[in-house]
1. Cut-off is 10 Å between beta-carbons; in what order do 75, 145, 306 appear when sorted fewest neighbours first?
2. I want to check the label-to-label distance for residue 73 and residue 265. Put each point 7 Å from Cα in the C-beta direction and report it in nm to one decimal.
3. Label points 7 Å out from Cα along the Cβ direction at residue 184 and residue 156: separation in nm?
4. Where in region 271-307 are there trypsin sites (Lys or Arg not before Pro) that are in a DSSP coil and have at most 16 other Cβ atoms within 10 angstrom of their Cβ?
5. By average Cβ neighbour count within 10 Å, what is the ranking of 126-134, 225-233 from highest down?
6. In what order do 136, 69 fall by count of nearby beta-carbon atoms within 10 Å, going from fewest to most?
7. Hey, what do the phi angles of region 275-284 turn into as Karplus ³J(HN,Hα) couplings, whole Hz, using 6.51/-1.76/1.60 and θ = phi - 60°, x for Gly and Pro?
8. Extension gain residue 149-residue 294, at 0.36 nm per residue separation less the Cα-Cα distance, in nm?
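Just so it is clear, none of the values below were taken in a lab; they were calculated from the coordinates. Note that the coordinates shown come from a computational prediction; the quantities given were computed from them, not determined experimentally. Don't worry about glycine lacking a Cβ; one is built from the backbone with ideal geometry, like all the others, and counts go over all protein chains shown.
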Amino acid sequence: MLYSRPLASIPLFGIALLLNLLVGCGGGDSGGDGNGGQGPDQNACDVVGLNTRIIDGTACAAGASPILKLFIDSEDSSGVCSGTLIAPRKFLTAAHCVTAGNFEAPLPAGDFTVSQGNIGQPLARGIRVYTNPNPKQELAVIENEAAKRGDLSEILNNPGSELYTSYVREFGLSDIAIIELDRAVNLPTATVQTSSIPSAGTVVSIFGFGVTDGSSQTPSDVLRSGEMLIESTGPKNILTRFTTGSNTCIGDSGGPLILQNDDGSYAVVGTVLGGSKEDCSKGDLSSFTATAGSGIANFIRQFAPEASFR
């Protein structure tokens, strides 16, 4: 029972309920709406130093960025996600991008390559995959609680629904993973925020290589960005709603949710998990795994101790 949005040539994770992976971009200050009181914008490229589409987003100019495309090419399937370089050989992404089924065993590390958009020009290949051990148990907790409340049928039949998302917010879903790469990638790395989860009302940036139209199955070769407004948070997740600004969509899973600070620096505060609408249209409620979430911060620090944290 997983409600993410991966982009795959065939069902990458082997279950009918797996929706398409998301990717987004945006930026904001540490408080308020981060955009001079005007709300989310459709361009956050400058947050990571790329002054130049996510859904209703902006294509960023070519340049050095820690945000990379993740290509999965296994024996049985292929697919695309997004993610962030947090150390020269450590890549942060979503657990559902790198595991089979509902957070079962990781796929072979060698099935993963990262690039700046063109999968024909890989920068590095995976040699180890580290996945948070909690999601499988968290899904069981959600199902058990839904059964007690009489919501299990709705949860199972509509894994992307707002009802399901409300359970994710309440109980948490630690959908996060780190891929260790076979070589150091000579690109900037992103700081990870493990000290606190941004509050509701904060504008954040989304980045990814996903589709720019919810009806499409073709991921972007160009990094795109935009902004979203945090609607609510839970102990392990951040939720945003697509009303203005931009939205994540198919192929963006694992991509970063970024907070820009008052001093101009930025940090990853979440990774794309999924959304409530398959076509990523207005009203979509998106969920992100919070890097400062309960148990998640310790996981990242354990398997990427060389990363920069705040």
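1. Exposure proxy ranking, most exposed first: 75, 306, 145.
2. The modelled label-to-label distance comes out at 3.8 nm.
3. 5.1
4. Sparse-neighbourhood loop trypsin sites (Lys or Arg not before Pro): 282.
5. 225-233, 126-134
6. Final ranking by Cβ density, sparse to dense: 136, 69.
7. With coefficients 6.51, -1.76 and 1.60, one gets x, 8, 10, 5, 8, 6, 7, 3, x, 4 Hz.
8. So the chain would gain 49.7 nm between residue 149 and residue 294.
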